[in-house]
Amino acid sequence: MFQIKTDVLVLGSGIAGLTFAIKMARQFPDRQILVLTKTVEGESNTRYAQGGVAAVWDDEKDNFEKHVADTLDAGDGLCKEDIVRIVVEEGPERVREIIEWGARFDKEKGSNEYDLAREGGHSEHRILHYKDLTGWEMQRTLMESAAKLPNIKVLEHYFALDLITQHHLGRMVIRVTPDIECYGCYALNKQNGEIDTILARATVLCTGGGGQVYRSTTNPVIATGDGVAMTYRAKGRVENMEFMQFHPTSLYNPAGENPSFLVSEAVRGHGGILKTAEGEEFMQHYDPRLSLAPRDIVARAIDSEMKKRGTDCMYLDCRHLDKEDFVAHFPTIYEKCVSIGIDPMQQMIPVVPACHYMCGGIMVDEFGRSSIHRLYAAGECSSTGLHGANRLASNSLLEAMVFAHRIFLDLKDKLTDWDFQENVPDWNAEGTTDPKEMVLITQSMKELKDIMSYYVGIVRSNVRLQRALDRLFLLYRETEDLYKTTSISPQLMELRNLITIAYLITRSATHRHESRGLHFTTDYPEQLPFIEHSVL
Ligand code: FAD
Ligand code: SIN
């Protein structure tokens, strides 16, 4: 058991964590920035982003008002307009910055102008991208930039378990305690099994989303909502968790794979058309924007057509598109399809909705400050108010960069005011023994994903939500018993965190007596006349 001290502790090495760490480290070369990441530095949701990053770039055709209007429209009345304006207006500067750090975005053939793509819900072409590997390119750039800064230390295979607050000093802390403070975290060093105490002046959560709570998701296996669950356990505020975004088009692979492979919305922006197995278009029955309607609408349309027809998937038709152009834009998607026996130029691509993005999360203000002092959050684990009830495509990489910058602005003048808390005890592992049956954890994980997929999916109802809550309660009790008696493993912690995420989604969904954005319930198909955020 070690005690480690660092000026700033960053949990997560995706776009939010590394962008923030680089800014802080550059400004304060004599301060230590420690980044913990639970597997390897390059593994994150960021790495898999395909479509790109949305930003107003072509001032002749596009402007801030149009990007703001598209974001508000997708968010279905629940976005915070001041936050939308901040992200849209500061976004291009952040994109320019990452370009300066070395990120490449595709340019139009024979020109120096960026090749701007279009995705669902966008009224203009404004998505900067690097083929269908935008996230990989951004992750690469950030890792290379961070590696050049000696005061950033990245510890791989370090799993953050719990945030340290006054609770660990023996003081009673409840959700309405006004002055909860974060002093760092306990983290499992996966390489030696020890649990270290990491003390920091400030902690920044950048732990990403929680898509693994569903059976079918585009999110990699690291996406288990750890930061949100840790914050909730530490009695911080979490909001809008019912708005889990299902991407309309993950590749339907009968062999089954985790994660599901994404077929980017940019393919529809490029001319791909959603069709039935018989080759008929169906989106005209749902929205005048057809295949490029916002995600909540397209995902629900596909779900409804699949249920009506009793089929396992619908189709994306790209056969009319130019092969050379398609392969140049979407090399990874083309290769993946071919690898499962589908040639997109000859056959329609089978697609199915899959959980993709967590719109809610840790409630933060316009500088990424959470309800716990000295604790910030950025990226997918946070809820800034940008996405409302449904995120507009390609707005999340943008949001992560804008808020990483804003946290840096807020923190840079405060850091020296906050001392280390010296009285934090070591992790207490008394009374625990090594797990005898790992199968208890793996089986509970399967049950959890089934519960969420059957009862808290794209279409919900009171009866389904209540069933989910009853079953989740049982899983919660069993897992807490296991936690109290078993030594810590990443698998057990991820199960525990995902049960919390499932509970937060289901509880928030139960409270929302209306259908809005990504939350659709057959019991309340209309919208309420007033706007309510679900804060837990
Ligand atoms: P992540 O990039 O997910 O990073 C999370 C980090 O936290 C990881 O390093 C992880 O190891 C670490 N971590 C988590 N828990 C712990 C723990 N307990 N202890 C230590 N470390 C921990 N958005 C767009 O804007 N445009 C797109 O084109 C786009 N395409 C996408 C395609 C796919 C397939 C997916 C899955 C998402 C896509 N998104 C896209 C969404 C976007 O990629 C993510 O929202 C964004 O990258 C999240 O960044 P982040 O920094 O918040 O988290
Ligand atoms: C995609 O490429 O379709 C994903 C874009 C996003 O999630 O913003």
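The values are calculated or read from the model by the stated rules, or taken from the named source; none is laboratory data. Keep in mind that this is a model prediction, so the values were computed, not measured. Virtual Cβ from ideal backbone geometry, glycine too; neighbours counted across all protein chains shown.
Working only within the stretch 237-264, note down all residues that are in a loop (DSSP other than H, G, I, E, B), more than 16 Å from ligand 2 (Cβ to nearest atom) and surrounded by fewer than 24 Cβ atoms within 10 Å (Cβ to Cβ).
Filtering the stretch 237-264 for residues in a loop (DSSP other than H, G, I, E, B) gives 237, 240-243, 252-261, 263-264.
Retained after the next criterion (residues that are more than 16 Å from ligand 2 (Cβ to nearest atom)): 237, 240-242, 253-258.
Across the stretch 237-264, the qualifying residues are 237, 253, 254, 255, 256, 257, 258.
Could you look through the stretch 33-47, keep only residues that are of a type outside the set (A, V, I, L, M) and touching a Ser or Thr at 6+ places or on another chain (Cβ under 7 Å), and pick out the one that is nearest to ligand 2 (Cβ to nearest atom)?
Checked the stretch 33-47; the qualifying residue nearest to ligand 2 (Cβ to nearest atom) is 44.
Which one of the conditions (1) part of a strand (DSSP E or B); (2) over 28 Å from residue 359 (Cα atoms) does residue 187 fail to meet, given that it meets all the rest?
Status for residue 187: all satisfied but (2).
What about residue 66, is it modelled with pLDDT under 95, more than 16 Å from ligand 1 (Cβ to nearest atom) and touching an Asp or Glu at 6+ places or on another chain (Cβ under 7 Å)? Can you show your working first?
Details: modelled with pLDDT under 95: no; more than 16 Å from ligand 1 (Cβ to nearest atom): yes; touching an Asp or Glu at 6+ places or on another chain (Cβ under 7 Å): yes.
Taking the combined requirement at face value, the residue does not satisfy it.
Among the candidates 524, 503, 455, single out the residue that is in contact with a His (Cβ under 7 Å, 6 or more places away or on another chain) and closer than 30 Å to residue 72 by Cα.
On the way: 503 fails: in contact with a His (Cβ under 7 Å, 6 or more places away or on another chain); 455 fails: in contact with a His (Cβ under 7 Å, 6 or more places away or on another chain).
It is 524.
Is the stretch 385-393 home to any residue that is in contact with a helix residue (DSSP H, G or I) (Cβ under 9 Å, 6 or more places away or on another chain), within 16 Å of ligand 2 (Cβ to nearest atom) and charged (D, E, K, R)?
Within the stretch 385-393 (the criterion being in contact with a helix residue (DSSP H, G or I) (Cβ under 9 Å, 6 or more places away or on another chain), within 16 Å of ligand 2 (Cβ to nearest atom) and charged (D, E, K, R)), the answer is yes, since at least one residue qualifies.
Table: residues versus (1) closer than 28 Å to residue 205 by Cβ; (2) surrounded by 18 or more Cβ atoms within 10 Å (Cβ to Cβ).
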{"residue": "71", "(1), (2)": "yes, yes"}
{"residue": "91", "(1), (2)": "yes, yes"}
{"residue": "96", "(1), (2)": "yes, no"}
{"residue": "102", "(1), (2)": "yes, no"}
{"residue": "112", "(1), (2)": "no, no"}
{"residue": "118", "(1), (2)": "no, yes"}
{"residue": "130", "(1), (2)": "yes, yes"}
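Show the residue pairs that are 6+ apart or on different chains and have beta-carbon atoms under 6 Å apart, the first residue being within the stretch 303-326 and buried (at least 18 other Cβ atoms within 10 Å of the Cβ), the second being assigned to a helix (DSSP H, G or I) and not small (Gly, Ala, Ser).
Hits for this filter: 314/302; 314/305.
Residue by residue through the stretch 415-451, note down the ones that are assigned to a loop (DSSP other than H, G, I, E, B) and among the aliphatic types (A, V, I, L, M).
Our first condition is that a residue be assigned to a loop (DSSP other than H, G, I, E, B); within the stretch 415-451, this holds for 418-432, 434-438.
Matches in the stretch 415-451: 424, 429, 438.
Pairs under 9 Å by beta carbon, first residue on the phi > 0 side of the Ramachandran plot in the stretch 76-103, partner surrounded by fewer than 19 Cβ atoms within 10 Å (Cβ to Cβ) and in a helix (DSSP H, G or I), six or more apart or different chains?
Short answer, once both residue conditions are applied: 102/140; 102/144.
Within the stretch 144-179, can you find the residues that are modelled with pLDDT of 95 or more, in a loop (DSSP other than H, G, I, E, B) and under 22 Å from residue 483 (Cβ atoms)?
Once the filter is applied, which keeps residues that are modelled with pLDDT of 95 or more, in a loop (DSSP other than H, G, I, E, B) and under 22 Å from residue 483 (Cβ atoms), the stretch 144-179 yields 157, 165.
If you scan the stretch 161-179, which residues turn out to be under 20 Å from residue 225 (Cα atoms) and either surrounded by fewer than 19 Cβ atoms within 10 Å (Cβ to Cβ) or within 16 Å of ligand 1 (Cβ to nearest atom) (or both)?
Narrowing the stretch 161-179 to residues under 20 Å from residue 225 (Cα atoms): 161-165, 175.
If the condition is that a residue be under 20 Å from residue 225 (Cα atoms) and either surrounded by fewer than 19 Cβ atoms within 10 Å (Cβ to Cβ) or within 16 Å of ligand 1 (Cβ to nearest atom) (or both), then 161, 162, 163, 164, 175 are the ones that fit.
Looking at 297, 273, can you tell me which residue is among the β-branched types (Val, Ile, Thr) and at pLDDT below 95? First the steps, then the outcome.
On the way: 273 fails: at pLDDT below 95.
Exactly one of 297, 273 is among the β-branched types (Val, Ile, Thr) and at pLDDT below 95, namely 297.
Find the residue count for the stretch 461-519, including only residues that are among the charged types (D, E, K, R) and touching a Leu at 6+ places or on another chain (Cβ under 7 Å). So that I can check it myself, show each step before the final result.
Taking the stretch 461-519 first, the residues among the charged types (D, E, K, R) are 464, 467, 470-471, 477-478, 480-481, 484, 494, 496, 507, 512, 514, 516.
With touching a Leu at 6+ places or on another chain (Cβ under 7 Å) added as a condition, the list becomes 507, 514, 516.
Final tally of qualifying residues: 3.
Give me the residue from the stretch 495-524 that is aliphatic (A, V, I, L, M) and within 16 Å of the chain's Cα centre (by Cα) and, out of that set, farthest from residue 438 (Cα to Cα).
Going residue by residue through the stretch 495-524, those that are aliphatic (A, V, I, L, M) are 495, 498-499, 501-502, 504-505, 509, 518.
Still in the running and within 16 Å of the chain's Cα centre (by Cα): 498, 501-502, 504-505, 518.
Values: 498: 17, 501: 21, 502: 21, 504: 26, 505: 26, 518: 35 Å.
Here the answer is 518.
Let me spell it out: the conditions are (1) charged (D, E, K, R); (2) crowded, with 18+ Cβ neighbours inside 10 Å; (3) away from ligand 1 (no atom under 15 Å from the Cβ), and residue 41 meets all of them except one. Which number is the exception?
Unmet condition: (3).
Please identify the pairs in which a residue from the stretch 112-141 that is under 17 Å from residue 295 (Cα atoms) and small (Gly, Ala, Ser) has its Cβ atom under 7 Å from the Cβ atom of a residue that is within 12 Å of ligand 1 (Cβ to nearest atom) and in a helix (DSSP H, G or I), counting only partners at least 6 apart or on another chain.
Pairs found: 117/266; 117/269; 120/265; 120/295.
Output the strands (runs of 3 or more DSSP E) that fall wholly within the stretch 265-384 and possess 2 or more residues being more than 26 Å from residue 219 (Cβ to Cβ) and either within 16 Å of ligand 1 (Cβ to nearest atom) or among the small types (Gly, Ala, Ser) (or both), or say none. So that I can check it myself, show each step before the final result.
On the way: elements: 273-275, 314-317, 349-358, 361-363, 375-377.
So the answer is none; nothing clears 2.
Taking the stretch 352-380 only, how many residues are within 20 Å of residue 90 (Cβ to Cβ) and touching a Gly at 6+ places or on another chain (Cβ under 7 Å)?
Of the residues in that region, 5 qualify.
So that you can scan it fast, the table gives a plain yes or no per residue for (1) within 16 Å of ligand 2 (Cβ to nearest atom); (2) small (Gly, Ala, Ser); (3) within 30 Å of residue 512 (Cα to Cα); (4) crowded, with 24+ Cβ neighbours inside 10 Å:
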position: 377; (1), (2), (3), (4): no, yes, yes, yes
position: 428; (1), (2), (3), (4): no, no, no, no
position: 431; (1), (2), (3), (4): no, yes, no, no
position: 439; (1), (2), (3), (4): no, no, no, no
position: 443; (1), (2), (3), (4): no, no, no, no
position: 446; (1), (2), (3), (4): no, no, yes, no
position: 457; (1), (2), (3), (4): no, yes, yes, no
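Which one is farthest from ligand 1 (Cβ to nearest atom) among residues in the stretch 14-38 that are in a loop (DSSP other than H, G, I, E, B) and surrounded by fewer than 20 Cβ atoms within 10 Å (Cβ to Cβ)? Show your work before the answer.
Going through the stretch 14-38, the residues in a loop (DSSP other than H, G, I, E, B) turn out to be 14, 28-32, 37-38.
Now restrict to residues that are surrounded by fewer than 20 Cβ atoms within 10 Å (Cβ to Cβ): 28-32.
Numbers: 28: 21, 29: 24, 30: 25, 31: 21, 32: 18 Å.
Checked the stretch 14-38; the qualifying residue farthest from ligand 1 (Cβ to nearest atom) is 30.
When residue 494 is evaluated against the numbered criteria (1) acidic (Asp, Glu); (2) in contact (Cβ under 8 Å) with a residue 60 or more places away in the chain; (3) assigned to a loop (DSSP other than H, G, I, E, B); (4) surrounded by 16 or more Cβ atoms within 10 Å (Cβ to Cβ), which criterion, by number, is the only one it fails?
Condition not satisfied by residue 494: (3).
One line per residue, one yes/no per condition, for (1) touching a helix residue (DSSP H, G or I) at 6+ places or on another chain (Cβ under 7 Å); (2) aliphatic (A, V, I, L, M); (3) more than 16 Å from ligand 2 (Cβ to nearest atom):
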{"position": "288", "(1), (2), (3)": "no, no, yes"}
{"position": "308", "(1), (2), (3)": "no, no, yes"}
{"position": "320", "(1), (2), (3)": "no, no, yes"}
{"position": "330", "(1), (2), (3)": "yes, no, no"}
{"position": "345", "(1), (2), (3)": "yes, yes, yes"}
{"position": "355", "(1), (2), (3)": "yes, no, no"}
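How many residues, within the stretch 276-292, are surrounded by 21 or more Cβ atoms within 10 Å (Cβ to Cβ) and within 25 Å of residue 338 (Cβ to Cβ)?
Qualifying residue count, the stretch 276-292: 1.
Please specify each residue of the stretch 504-536 satisfying the condition of being more than 19 Å from residue 357 (Cβ to Cβ), touching a helix residue (DSSP H, G or I) at 6+ places or on another chain (Cβ under 9 Å) and part of a helix (DSSP H, G or I).
507, 510, listed by residue number.
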